[in-house]
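Trainee: Please read through the structure below; I'll follow up with questions.
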Ligand code: A2P
């Protein structure tokens, strides 16, 4: 074959190459892809990613970037929905495959959408931990707050594994460990099997259990000092909105920072 007969491999528009894939359960997996040189984002933002559909059109969904801004690659954490248009296919990606990534990050779960405070709470169910996987690795998080509390709830312990491994690796991380010190507290719970701490985030807040278990010396969130970021299912987000507003926290936005921000964990 001569050079002129070699056809270039067709490349997707905005293509990025998969560099790592790790499966946690039959419902959850994580993957890493190359990062477009031009992509700048704020921790907590999401981008549209996906695959080319059978009809030749890109099939894209919103995915929070789970990696920190200083990482040279991008990480995503995903659910696998058996008949989900995208994730039923995305779950089979392998190292070397290409995905489509539109390099336009947006989102409300950013530190700039919150007024300064003392204590920052991350509230997540399921894959809603993804934006916090980025924010927990951002030095700015620890420069702005004295204490950071990651509450994460899943049905069972294997579903908590991605978050557990990440949080436990952070104190020894050569880049971020020194910023974290003893500021980061982790409160994982399950709702459907045995685990050291059980129960929904909403219940563990309203009952005061999380404050007692962490020895925080408080019995409620205080709008003067506490800030919250929420990411989970629609039902969870709505219930959390009620709980946080019950404490007197107000919803903020990029253009109008306040005491908490909220975003749906995007699923198929
Ligand atoms: P539960 O098991 O009591 O439904 P899912 O995997 O269905 O997305 O759920 C993830 C976690 O979020 C589960 O532990 C689930 O608890 C919890 N959850 C679901 N809905 C709510 C809600 N409205 N408020 C608080 N937690 C919720």
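Trainee: List the relative contact order of segment 13-106 as a percent without decimals, with contacts defined as Cα pairs under 8 Å and 6+ residues apart. Provide the component values of the computation, followed by the final result.
Mentor: On the way: 190 pairs, mean separation 37.9, N = 94.
In percent, rounded to a whole number, it is 40.
Trainee: Which of the peptides 89-100, 171-182, 116-127 is most tightly packed, and how do the rest follow, going by the mean number of other Cβ atoms within 10 Å of each residue? Walk me through the numbers before you get to the answer.
Mentor: On the way: 89-100: 15.8, 171-182: 12.4, 116-127: 22.2.
Descending packing order for the listed peptides: 116-127, 89-100, 171-182.
Trainee: With just the Cα atoms defining each centre, how far is segment 238-268 from segment 99-121? Give it in Å.
Mentor: 12 Å
Trainee: With both bridge residues required to lie in the chain, what share of the DSSP beta bridges run antiparallel, to the nearest 5%? Could the numbers behind the result be given before it?
Mentor: On the way: 27 of 55 bridges.
Just about 50 percent of them are antiparallel.
Trainee: While we're here: Plugging the Kirkwood radius over Cα pairs into Stokes-Einstein for segment 36-159, at a temperature of 10 °C and a viscosity of 1.306 mPa s, what D comes out in µm²/s? Walk me through the numbers on the way to the answer.
Mentor: Values: Rh = 15.8 Å.
The calculation lands on 100 µm²/s.
Trainee: Same structure, new question: Would you compute the Debye intensity of segment 13-106 from its alpha-carbon atoms alone, equal scatterers and no solvent, and pass along log10 I(q)/I(0) at q = 0.24 Å⁻¹ to two decimals?
Mentor: With no solvent term, the Cα-only Debye profile gives -1.40.
Trainee: For every helix of n ≥ 4 consecutive DSSP H residues, a contribution of -39,500 (n - 2.57) applies; sum these over the chain, divide by its total residues, and give [θ] at 222 nm rounded to the nearest 500 deg cm²/dmol. Let's see the in-between values first.
Mentor: Details: 8 runs with 57 residues, N = 268.
Rounded to the nearest 500, it is -5500 deg cm²/dmol.
Trainee: Just need the relative contact order of the chain here, percent rounded to a whole number, with Cα pairs under 8 Å and 6+ apart. Provide the component values of the computation, followed by the final result.
Mentor: Numbers: 556 pairs, mean separation 52.3, N = 268.
So the answer I get is 19 percent.
Trainee: Which of 211, 46, 132 ends up with the largest GNM mean-square fluctuation for the chain, with Cα atoms connected below 10 Å?
Mentor: Its mean-square fluctuation being the largest, the pick is 211.
Trainee: Another question, then. Of all the C-alpha pairs in the chain, what % are more than 35 Å from each other? Please report the intermediate quantities before stating the final value.
Mentor: On the way: 6060 of 35778 pairs.
Tail of the P(r) past 35 Å holds 17 percent of the pairs.
Trainee: Among 250-256, 59-65, how do they line up by average Cβ neighbours within 10 Å per residue, starting with the highest? Don't jump to the answer; show the numbers that get you there.
Mentor: Working: 250-256: 13.4, 59-65: 21.1.
Going by the mean number of other Cβ atoms within 10 Å, highest first, we get 59-65, 250-256.
Trainee: Another question, then. So what's the projected area for segment 111-262, the Cα convex hull averaged over all directions, in nm²?
Mentor: Numbers: hull surface 33.2 nm².
Quarter of the Cα hull surface area: 8.3 nm².
Computed from the coordinates by the stated procedures, all read-outs in this text should not be read as laboratory data. As the structure is a computational prediction, the values presented were derived from the model and not from experiment. No Cβ is skipped: glycine too gets one built from the backbone with ideal geometry, and neighbour counts run over all protein chains shown.
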